[in-house]
Every structure is written in C-alpha cells, then in structure tokens.
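The block underneath contains the structure these notes are about, expressed in structure tokens.
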C-alpha cells in the first residue's frame with residue numbers, strides 16, 4: 001500500500017511562529033527553548049546560530065531582537081526545514097539558513113557577530129544509532145567542542161557574547177577550552193529536570209572581558225507531578241501557547 005501522510009509530524013506551534021521539524025536532525029525540545037528564552041540578545045545586531053536544526057532558536061531570537069540572524073547546519077534536510085520556517089515567519093527578511101559545516105564557515109567568514117549561540121550535539125564515544133540524522137543531532141564527532149570554541153573565538157566581535165547549552169558534566173571541559181580561546185564566563189544557568197534530581201544541563205554565557213563576578217542562576221523544569229514549574233513558565237511565557 002502507498003504510504004499516506006497520516007504519520008506526518010505536525011508543526012510545533014508557538015505564540016508568534018510555527019516550527020516544522022519533520023526532516024530536521026534536531027527536533028524542537030526543551031534545550032533549544034531554554035537557550036532561546038534565556039540568552040541576552042538586547043541590542044545585538046548580528047547573531048549566529050550554530051547547529052540551527054529546524055531554526056527554533058533563530059526564530060525565538062528573531063522575535064526577541066531586531067538582529068540579522070544566520071543559522072548554520074551541516075545536515076541539509078535540517079537546513080531546508082529552517083529555510084521554510086524562516087520564510088513563513090514575520091521576521092523572514094532578517095533570518096537566513098546556510099547549509100555548511102561550522103568549520104568551513106568559520107574558515108571563510110569575514111563577518112563578526114555580537115552574539116553566537118549553539119545547542120550542539122554533545123555525546124562523545126557513545127553508542128551510535130543506525131539513523132545517520134540522529135547521530136548528527138546527538139554526537140559531536142562532526143563538531144567537537146575544541147573546534148566549536150576555536151571557531152567562536154574567531155567569529156565573535158570584541159564586545160560580543162557566546163551562549164551554549166551543554167550537559168552539566170561537560171562544564172569543566174568547556175570552561176578550560178574557553179579560557180584557552182580568551183573567553184571568560186559571565187553568566188550561568190544551572191538546569192534541574194525535577195526538584196530531587198541532579199542538574200542535567202548548564203547554559204553558559206561567555207565574553208572576552210574577564211569580569212570575575214559570574215551571575216549564577218538556577219531553574220527547575222518540572223515539579224514532581226511532571227507539571228511545569230512557575231519559573232519555567234515565566235521564562236518561556238512569550239513563546240508557549
């Protein structure tokens with residue numbers, strides 16, 4: 001029998017835009033929404049989203065700023081999803097999706113960005129999936145932290161900021177790599193899945209100036225009954241329906 005569209009993945013509806021991620025390696029998830037809602041994009045003019053996937057973070061920053069935003073992804077179907085999502089949005093003139101590896105882009109790009117964001121693949125040397133798209137979204141073979149931080153150091157403007165969401169266990173590694181590239185931690189959000197659970201993620205904001213005082217915040221995503229916490233609802237209130 002011919003395949004019908006009954007299993008087609010429905011778009012994810014936000015308050016001011018919709019995201020189709022049917023072909024994207026990186027599906028819409030809590031990590032992306034957290035990063036897009038938490039990052040400080042006030043006054044930013046040029047933003048780079050590394051590993052844009054379906055473009056959800058770029059769209060959130062399009063809603064929150066007046067910046068020109070470029071989303072990069074090495075996975076072509078993801079880039080095509082992002083392009084369509086950008087075109088359907090009210091910020092289509094400020095959003096651009098580019099199919100390329102970050103390493104190639106960093107080697108050729110002459111622009112400097114005053115905000116760079118990334119929700120990168122983060123599993124290292126772990127069991128692979130038979131689905132190549134899932135490997136791209138989950139495993140950092142194609143973009144190791146070392147190459148990511150090195151490229152960010154090249155593309156970030158002098159007063160720019162870099163924001164990344166990573167597993168909590170990778171904190172020390174990212175800090176060490178960033179210091180080696182002249183980037184210093186400015187702000188941190190530690191993310192707990194539930195009240196009694198250990199931290200699962202951290203979102204980190206870096207800049208080239210060493211301010212010594214780091215603003216350290218915390219957020220818990222869900223209550224014990226699996227409902228969203230008031231602080232998570234407050235952070236994401238401009239996006240979720």
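Read-outs throughout are calculated quantities, based only on the coordinates presented, and are distinct from any laboratory measurement. All of these numbers come straight from a predicted model, not from anything done at the bench. Ideal geometry is used to build each Cβ from the backbone, glycine not excepted, and the neighbour counts take in all protein chains shown.
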Antiparallel content of DSSP bridges confined to the chain, in %, to 5: 40 percent
Restricting to DSSP H runs of at least four residues, report the calculated mean residue ellipticity at 222 nm for the chain, -39500 (n - 2.57) per run over all residues, nearest 500 deg cm²/dmol. -8500 deg cm²/dmol
Pairwise label distance in nanometres, residue 241 with residue 199, each label 7 Å out on the Cα-Cβ vector: 3.5 nm
How would 213, 203, 57 line up from fewest to most surrounding beta-carbon atoms within 10 angstrom? 213, 203, 57
Under 14 Å from a point 7 Å along the Cα-to-Cβ line of residue 42: which residues of segment 180-198 have their amide N that close? none
By how many nm would the segment from residue 223 to residue 104 grow when fully extended, if each residue of separation counts as 0.36 nm and the alpha-carbon distance is taken off? 38.6 nm
